[in-house]
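K.L.:
Input: one structure, supplied below.
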Number of protein chains: 4
Amino acid sequence: MRTFRLVIACPDGVGIVAKVGNFLATYNGWITEANHHSDHQSGWFFMRHEIRADSLPFDLDGFRQAFAPIAREFSMEWRITDSAQRKRVVLMASRESHCLADLLHRWHSGELDCDIPCVISNHDDLRSMVEWHGIPYFHVPVQPGRKEEAFAEVSRLVRDQSADAIVLARYMQILPAELCEEYAQRVINIHHSFLPSFVGAKPYHQASLRGVKLIGATCHYVTEELDAGPIIEQDVVRVSHRDSIEDMVRLGKDVEKMVLSRGLRYHLEERVLVHSNKTLVFN
Amino acid sequence: MRTFRLVIACPDGVGIVAKVGNFLATYNGWITEANHHSDHQSGWFFMRHEIRADSLPFDLDGFRQAFAPIAREFSMEWRITDSAQRKRVVLMASRESHCLADLLHRWHSGELDCDIPCVISNHDDLRSMVEWHGIPYFHVPVQPGRKEEAFAEVSRLVRDQSADAIVLARYMQILPAELCEEYAQRVINIHHSFLPSFVGAKPYHQASLRGVKLIGATCHYVTEELDAGPIIEQDVVRVSHRDSIEDMVRLGKDVEKMVLSRGLRYHLEERVLVHSNKTLVFN
Amino acid sequence: MRTFRLVIACPDGVGIVAKVGNFLATYNGWITEANHHSDHQSGWFFMRHEIRADSLPFDLDGFRQAFAPIAREFSMEWRITDSAQRKRVVLMASRESHCLADLLHRWHSGELDCDIPCVISNHDDLRSMVEWHGIPYFHVPVQPGRKEEAFAEVSRLVRDQSADAIVLARYMQILPAELCEEYAQRVINIHHSFLPSFVGAKPYHQASLRGVKLIGATCHYVTEELDAGPIIEQDVVRVSHRDSIEDMVRLGKDVEKMVLSRGLRYHLEERVLVHSNKTLVFN
Amino acid sequence: MRTFRLVIACPDGVGIVAKVGNFLATYNGWITEANHHSDHQSGWFFMRHEIRADSLPFDLDGFRQAFAPIAREFSMEWRITDSAQRKRVVLMASRESHCLADLLHRWHSGELDCDIPCVISNHDDLRSMVEWHGIPYFHVPVQPGRKEEAFAEVSRLVRDQSADAIVLARYMQILPAELCEEYAQRVINIHHSFLPSFVGAKPYHQASLRGVKLIGATCHYVTEELDAGPIIEQDVVRVSHRDSIEDMVRLGKDVEKMVLSRGLRYHLEERVLVHSNKTLVFN
């Protein structure tokens, strides 16, 4: 079922719900899902509606025009998207295949509602797996001292593909600040720890050293500061002294791919709103 | 913060959200929480609003009068309640203290927003614990062959206390059908299994015999059919071959009290809607 | 690291641990992992040792000969296996790809320590995916009225491949009793419910109808009675009224593949012991 | 059933299991539970046996004498305790009652196998609750500038009560280094975050600020460095943008008391071994 997704953030106040509800009712909009949230600390209001596209008398542009006055009245930050316009998501990976394979399978079996115009990797290892899915694979090596060159190539590829989002499926390289900024809230990373614990390299080693009883993974939007962007989704799995670092790596993989695929799904369905470096996830 | 809780169920259609939103906006109602759900299978629509009481120009009766025409228009089943009118919840227990102690502590520490006019038990064991909390304790033995008499006494007590709800905190006796009916969707039970597995007596024994790897507990509204009422909340905990039945009983207790207290909290906050023997929980 | 896995079940008594410990110490066996369990109800004792193969002066046959007198003395049911002798696991699937793709990826990335001589399916849909992994794919249609013929072909294939185990990765067909018996405790199934709830067909529909708040999956050895064999592993995921049956199917897939891969791993590492239709899992 | 608990840590090597097994078999020791662990990184071996006391021909002292030569041979760090000698556990609390009430109820209902000689608090709020359980309550205020005095009193009380362990059930004060040292690996704290995230004060505020999707609690032995001691047990609970800090505090309480009671139980049953600031928990 094709839907329009209307996502709104604005300073809280009386009458917003009614105004939006009226607007939708006026045009016979059939609401299939609705979520609100008033954040008492910040005084902001957040809202997401999913509306059957065939119930409305206009397309996205028509909607935008009709809704603009209301948006202005309440100083809304807002967006409206069409579920039929599949987002173009560029996947980036390194040598580890588990997250990439998981996303590709979900995409292949129709579970992940997006297009994957290409996969970019700093290694050539996963080419065959990707190409079996009928997806172009670009090998962009990232050599010490020649990083700038590599990321210029990455940027070029991403732009050529008109990417709506970038997913770092265990890419293991730090993107340059410009790229993060250009794709703000559209670069999704999976970090293999339960953030804010164990930022940076080798989190499973850090976890083993500290002797934690649960390890986790964190899906977040990438910002300039390493592993400090808004968290979209997290989960954990129990470990014990019986688990070596290798066991943790293996157990962690399952959490990583679950958390990344859930986070990406929320993003694709426009369920994630970012406010003051935190997310609201209307799921 | 005192709120009114407006809970609505009605056949789905266009304009319900707008109409209710308009109504609230008309009276300057400050919505602190809102939840909707369209059930595509049944074609029903469900809605819960929490509105600051001090933002509205009327009391409950005023609200009811003003809202009645809208309710009629959409054939709504609906209720409006006031968070300041604490529900009167009669607790019933047998000999096991864990669920009762847990609820009493939550109540005592202000976490559970209700009054507890009394505790009724078929044994006298827990009297001192209850009375320390300043709550009257009624010992109503249930003797074989004289059950009718006992439950007449229970009914009398419940009515005398003007109970709004009854919680069976491991009461271990089957309530008579009339009482279940009189307090339909207001008698809350905790069953010590992950229903629908292991209905009836000794569920931990049944679980051990079947060799399940997780055991659970289920909080549900009581209906005439044993352990078959609408499920409000469930949870599980991992067990292994190392756990004897006694271990399961111990581990299960922690799940039981968590699940019961969560379920009761949802009920008290008017978060639970029942439709065709299932619940929607707006949490 | 190559290890021998010694798995023992016998009536409980004093001196078993010492006798086995002595035996291993006598031959300078380097124990890397040891697990015991005394089942007080049945009076049986269970034990699993993992021993570095290069620390022992004999091969499997030598071990068997040397250990036989001890095994007789304590009436042991026992087995010794060599981690270097990879088990041959035939996978069977139908049209749903998620469990099969998951197992194939784990195998391909070296996480699953077994050989997969072939995949058998009653449909031809997944051939390309399987063949990309370099694994033969046999399409054996199961037509109503000609089931016997089909399963004769399946049996022939399984025997030809010298299969040590059969994994039903959402095969959706009931294996004939003879095959279950021939491969007793070696046919592993994933059932898409938290057994013993929702035996049989369409468990997610059953779960939705009953309104449970968690759905699950169960990995078990197949026995003649449907979905009633010894449970190896289970897990659950939270659902709510917001989840349609389609959502449950999607959420359940993730649980199914996790539970199946964990159960298979336990089986491959000889961590599972079966006693009176229950398992002990030494993990 | 009365048992002896033999806990051993020593450099790994061949023959330890056999030697200990032989020793126990020689004296007809009936092992009810056994756990081993070889830590490959540190090269240490860890072992715990539970043996029926009535199966052995000696008491603790006799055991110690008979076992000493073996312990010397393998340079063991070891201890043997008697389940019939209940540990004396002093509880310390502040104003928050949830952890204290939970422990007291478990103790009262026979679930927690220890004596509680007294409760010490820096406030007088929880006196009545404690005294209802028949346990002495000592109010030792901790005033700024007079902390030394207060902790001298605490030390005196703890020694007077011949405490085997101290549990900080949300005590909210930092114990002086001398006391931590004197009771090394015997002071158990519950920290209201998933360590190492959110060390120090107001962890739920920190968690809310960072926007994590799960909050947790950590039970650990207290060392001089704040919240950095060996972790015994941890758990988490899911939160969302809908949960205010107050909600997190409430949800967190349930995790705190579960985690603390599990950690304490492991400690009482001698299931916890500490090695290089990490624990092994043989559960």
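K.L.:
Picking from B:ASN28, B:ASN22, which residue would you name as being in contact with a helix residue (DSSP H, G or I) (Cβ under 8 Å, 6 or more places away or on another chain), surrounded by fewer than 18 Cβ atoms within 10 Å (Cβ to Cβ) and within 13 Å of chain A (Cβ to nearest Cβ)?
P.N.:
Working: B:ASN22 fails: surrounded by fewer than 18 Cβ atoms within 10 Å (Cβ to Cβ).
Going through B:ASN28, B:ASN22 in turn, just one is in contact with a helix residue (DSSP H, G or I) (Cβ under 8 Å, 6 or more places away or on another chain), surrounded by fewer than 18 Cβ atoms within 10 Å (Cβ to Cβ) and within 13 Å of chain A (Cβ to nearest Cβ): B:ASN28.
K.L.:
Now a separate question. In the range D:212-230, how many residues are surrounded by 22 or more Cβ atoms within 10 Å (Cβ to Cβ) and either at pLDDT below 95 or in contact with a His (Cβ under 9 Å, 6 or more places away or on another chain) (or both)?
P.N.:
Residues meeting the conditions: 8.
K.L.:
Return the residues of the range D:33-51 that are touching a Phe, Trp or Tyr at 6+ places or on another chain (Cβ under 7 Å) and either more than 10 Å from every other protein chain (Cβ to nearest Cβ) or part of a helix (DSSP H, G or I) (or both); say none if nothing qualifies.
P.N.:
D:ARG48, D:ILE51 - these are the residues of the range D:33-51 that are touching a Phe, Trp or Tyr at 6+ places or on another chain (Cβ under 7 Å) and either more than 10 Å from every other protein chain (Cβ to nearest Cβ) or part of a helix (DSSP H, G or I) (or both).
K.L.:
What number of residues in the range C:32-45 are within 19 Å of C:PHE74 (Cβ to Cβ) and either touching an Asp or Glu at 6+ places or on another chain (Cβ under 7 Å) or outside the structural domain of C:GLU77 (by TED's automatic domain parsing) (or both)? Steps first, answer last, please.
P.N.:
Narrowing the range C:32-45 to residues within 19 Å of C:PHE74 (Cβ to Cβ): C:34-40, C:42-45.
After this cut, where a residue has to be either touching an Asp or Glu at 6+ places or on another chain (Cβ under 7 Å) or outside the structural domain of C:GLU77 (by TED's automatic domain parsing) (or both) as well, the list is C:38, C:43-45.
Residues flagged as within 19 Å of C:PHE74 (Cβ to Cβ) and either touching an Asp or Glu at 6+ places or on another chain (Cβ under 7 Å) or outside the structural domain of C:GLU77 (by TED's automatic domain parsing) (or both) within the range C:32-45 amount to 4.
K.L.:
Using the structure shown, decide if A:VAL142 is in contact with a Cys (Cβ under 8 Å, 6 or more places away or on another chain) and among the aliphatic types (A, V, I, L, M).
P.N.:
Spelling it out, it is not the case that A:VAL142 is in contact with a Cys (Cβ under 8 Å, 6 or more places away or on another chain) and among the aliphatic types (A, V, I, L, M).
K.L.:
How many residues, within the range A:131-154, are under 21 Å from A:LEU268 (Cα atoms) and touching a Leu at 6+ places or on another chain (Cβ under 7 Å)?
P.N.:
Residues meeting the conditions: 1.
K.L.:
If you scan the range B:164-197, which residues turn out to be surrounded by fewer than 21 Cβ atoms within 10 Å (Cβ to Cβ) and of a type in the set (Gly, Ala, Ser)?
P.N.:
Passing the criteria: B:ALA165, B:ALA177, B:ALA184.
K.L.:
Is it the case that some residue within the range D:1-10 is hydroxyl-bearing (Ser, Thr, Tyr), in contact with a Ser or Thr (Cβ under 7 Å, 6 or more places away or on another chain), outside any helix (DSSP H, G or I) and buried (at least 21 other Cβ atoms within 10 Å of the Cβ)?
P.N.:
First pass over the range D:1-10, keeping only residues hydroxyl-bearing (Ser, Thr, Tyr): D:3.
Cutting the leftovers down to in contact with a Ser or Thr (Cβ under 7 Å, 6 or more places away or on another chain) gives us D:3.
Among the residues that remain, those that are also outside any helix (DSSP H, G or I) are: D:3.
Restricting the remaining residues to those that are buried (at least 21 other Cβ atoms within 10 Å of the Cβ) gives D:3.
The answer is yes; a qualifying residue exists.
Residues are listed down the side, and each one gets a yes or a no for (1) touching a residue at least 12 places away in the same chain (Cβ under 8 Å); (2) closer than 22 Å to B:GLU33 by Cβ:
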position: A:VAL236; (1), (2): yes, no
position: A:ASP247; (1), (2): no, no
position: A:LEU251; (1), (2): yes, no
position: A:VAL255; (1), (2): yes, no
position: A:GLY263; (1), (2): yes, no
position: A:HIS267; (1), (2): yes, no
position: A:LEU273; (1), (2): yes, yes
position: A:LEU280; (1), (2): yes, yes
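K.L.:
For C:ALA163, work out the one condition from (1) within 12 Å of chain B (Cβ to nearest Cβ); (2) touching a residue at least 12 places away in the same chain (Cβ under 8 Å); (3) not acidic (Asp, Glu) it doesn't fulfil.
P.N.:
C:ALA163 satisfies every listed condition except (1).
K.L.:
Is there a residue in the range C:134-141 that is within 14 Å of chain A (Cβ to nearest Cβ), closer than 16 Å to C:ALA169 by Cβ and modelled with pLDDT of 95 or more? Spell out how you get there, then give the answer.
P.N.:
Step one: filter the range C:134-141 for residues within 14 Å of chain A (Cβ to nearest Cβ), giving C:134-135.
From what's left, closer than 16 Å to C:ALA169 by Cβ: C:135.
Those still in the list that are modelled with pLDDT of 95 or more too: C:135.
There is at least one residue in the range C:134-141 that is within 14 Å of chain A (Cβ to nearest Cβ), closer than 16 Å to C:ALA169 by Cβ and modelled with pLDDT of 95 or more.
K.L.:
Next up: So how many residues does the range C:47-70 have that are in contact (Cβ under 8 Å) with a residue 40 or more places away in the chain and surrounded by 13 or more Cβ atoms within 10 Å (Cβ to Cβ)? Steps first, please.
P.N.:
To start, the set of residues in the range C:47-70 that are in contact (Cβ under 8 Å) with a residue 40 or more places away in the chain comprises C:47-54, C:56, C:60, C:63, C:66-67, C:70.
Keeping just the survivors that are surrounded by 13 or more Cβ atoms within 10 Å (Cβ to Cβ) gives C:47-53, C:56, C:60, C:63, C:66-67, C:70.
Within the range C:47-70, residues that are in contact (Cβ under 8 Å) with a residue 40 or more places away in the chain and surrounded by 13 or more Cβ atoms within 10 Å (Cβ to Cβ) number 13.
K.L.:
Consider A:LEU103 carefully, then state whether it is closer than 30 Å to C:MET258 by Cα and at pLDDT 95 or above.
P.N.:
Numbers: closer than 30 Å to C:MET258 by Cα: yes; at pLDDT 95 or above: yes.
Yes: the conditions hold for A:LEU103.
K.L.:
When you check D:GLY200 against the structure, is it surrounded by fewer than 16 Cβ atoms within 10 Å (Cβ to Cβ) and either closer than 30 Å to A:SER276 by Cβ or hydrophobic (A, V, I, L, M, F, W, C) (or both), yes or no?
P.N.:
Numbers: surrounded by fewer than 16 Cβ atoms within 10 Å (Cβ to Cβ): yes; either closer than 30 Å to A:SER276 by Cβ or hydrophobic (A, V, I, L, M, F, W, C) (or both): yes.
The answer is yes for D:GLY200.
K.L.:
Here is a further query. Which pairs have Cβ atoms under 6 Å, sit 6 or more apart or on different chains, and link a residue in the range D:131-155 that is free of Cβ contacts under 8 Å to residues at least 40 places away in the same chain to one that is surrounded by fewer than 14 Cβ atoms within 10 Å (Cβ to Cβ)?
P.N.:
So the pair list comes out as D:TYR137/D:GLU131; D:HIS139/D:ASP124.
K.L.:
Find the strands (runs of 3 or more DSSP E) located wholly in the range A:203-283 whose residues include 1 or more that are within 8 Å of chain D (Cβ to nearest Cβ), farther than 23 Å from C:LYS257 by Cβ and of a type outside the set (Phe, Trp, Tyr), and list them. Walk me through how you get there before you give the answer.
P.N.:
On the way: elements: A:214-221, A:231-238, A:272-275, A:278-281.
Filter on the range A:203-283 gives A:231-238, A:278-281.
K.L.:
Okay, next question. Only residues that are closer than 17 Å to D:ARG250 by Cβ and polar (S, T, N, Q): list them for the range D:180-205, please.
P.N.:
Scanning the range D:180-205 gives a single hit, D:SER193.
K.L.:
I've got another one for you. Answer yes if at least one residue in the range D:76-94 is in a helix (DSSP H, G or I) and surrounded by 14 or more Cβ atoms within 10 Å (Cβ to Cβ), and no otherwise. Even if it seems obvious, please write down each step before you answer.
P.N.:
So the first thing to find is which residues in the range D:76-94 are in a helix (DSSP H, G or I), and the list is none.
No; the residues of the range D:76-94 include none that is in a helix (DSSP H, G or I) and surrounded by 14 or more Cβ atoms within 10 Å (Cβ to Cβ).
K.L.:
In the range D:116-125, how many are more than 17 Å from D:TYR183 (Cβ to Cβ) and either surrounded by fewer than 18 Cβ atoms within 10 Å (Cβ to Cβ) or touching a Leu at 6+ places or on another chain (Cβ under 6 Å) (or both)?
P.N.:
Pass one, the range D:116-125, residues more than 17 Å from D:TYR183 (Cβ to Cβ): D:121-125.
Narrowing the set further to residues that are either surrounded by fewer than 18 Cβ atoms within 10 Å (Cβ to Cβ) or touching a Leu at 6+ places or on another chain (Cβ under 6 Å) (or both) leaves D:123-125.
So the answer is 3.
K.L.:
Right, another one. Out of curiosity, is B:SER75 within 30 Å of D:LEU112 (Cβ to Cβ), among the hydroxyl-bearing types (Ser, Thr, Tyr) and away from chain A (no Cβ under 13 Å)?
P.N.:
Details: within 30 Å of D:LEU112 (Cβ to Cβ): no; among the hydroxyl-bearing types (Ser, Thr, Tyr): yes; away from chain A (no Cβ under 13 Å): yes.
Spelling it out, it is not the case that B:SER75 is within 30 Å of D:LEU112 (Cβ to Cβ), among the hydroxyl-bearing types (Ser, Thr, Tyr) and away from chain A (no Cβ under 13 Å).
K.L.:
Next question. So which of D:GLU77, D:GLU33 ends up being of a type in the set (Asp, Glu), at pLDDT 95 or above and out of contact with any Leu (no Cβ under 7 Å at 6 or more places or on another chain)?
P.N.:
Working: D:GLU33 fails: at pLDDT 95 or above.
Being of a type in the set (Asp, Glu), at pLDDT 95 or above and out of contact with any Leu (no Cβ under 7 Å at 6 or more places or on another chain) holds for just one of D:GLU77, D:GLU33, which is D:GLU77.
K.L.:
If only one of A:HIS105, A:HIS36 is closer than 30 Å to A:ASN122 by Cα, out of contact with any Pro (no Cβ under 6 Å at 6 or more places or on another chain), crowded, with 17+ Cβ neighbours inside 10 Å and without any contact (Cβ under 8 Å) to a residue 24 or more places away in the chain, which one is it? Quick ask: steps written out before the conclusion?
P.N.:
On the way: A:HIS36 fails: closer than 30 Å to A:ASN122 by Cα.
Criteria check complete, one pass: A:HIS105.
K.L.:
Take residues that are within 26 Å of D:THR218 (Cβ to Cβ) and assigned by TED's automatic domain parsing to the domain that holds D:TYR221 and tell me which of the helices (runs of 4 or more DSSP H) falling wholly in the range D:107-188 contain 3 or more. Talk me through it step by step, then tell me what you get.
P.N.:
Details: elements: D:127-132, D:147-160, D:177-182.
Ranges flagged: D:147-160, D:177-182.
K.L.:
B:GLU153 versus (1) more than 14 Å from every other protein chain (Cβ to nearest Cβ); (2) more than 14 Å from the chain's Cα centre (by Cα); (3) buried (at least 17 other Cβ atoms within 10 Å of the Cβ): which is the lone unmet condition?
P.N.:
All conditions pass for B:GLU153, except number (3).
Each row is one residue, and each column tells you yes or no for (1) more than 19 Å from C:ASP235 (Cα to Cα); (2) buried (at least 20 other Cβ atoms within 10 Å of the Cβ); (3) not β-branched (Val, Ile, Thr).
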position	(1), (2), (3)
B:LEU209	no, no, yes
B:LYS253	yes, yes, yes
B:VAL259	no, yes, no
B:ARG271	yes, yes, yes
B:THR279	yes, yes, no
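The values are calculated or read from the model by the stated rules, or taken from the named source; none is laboratory data. Keep in mind that what you see is a predicted model, and the values were worked out from it rather than measured. Here Cβ is always computed from backbone atoms with ideal geometry, including for glycine, and neighbour counts include all displayed protein chains.
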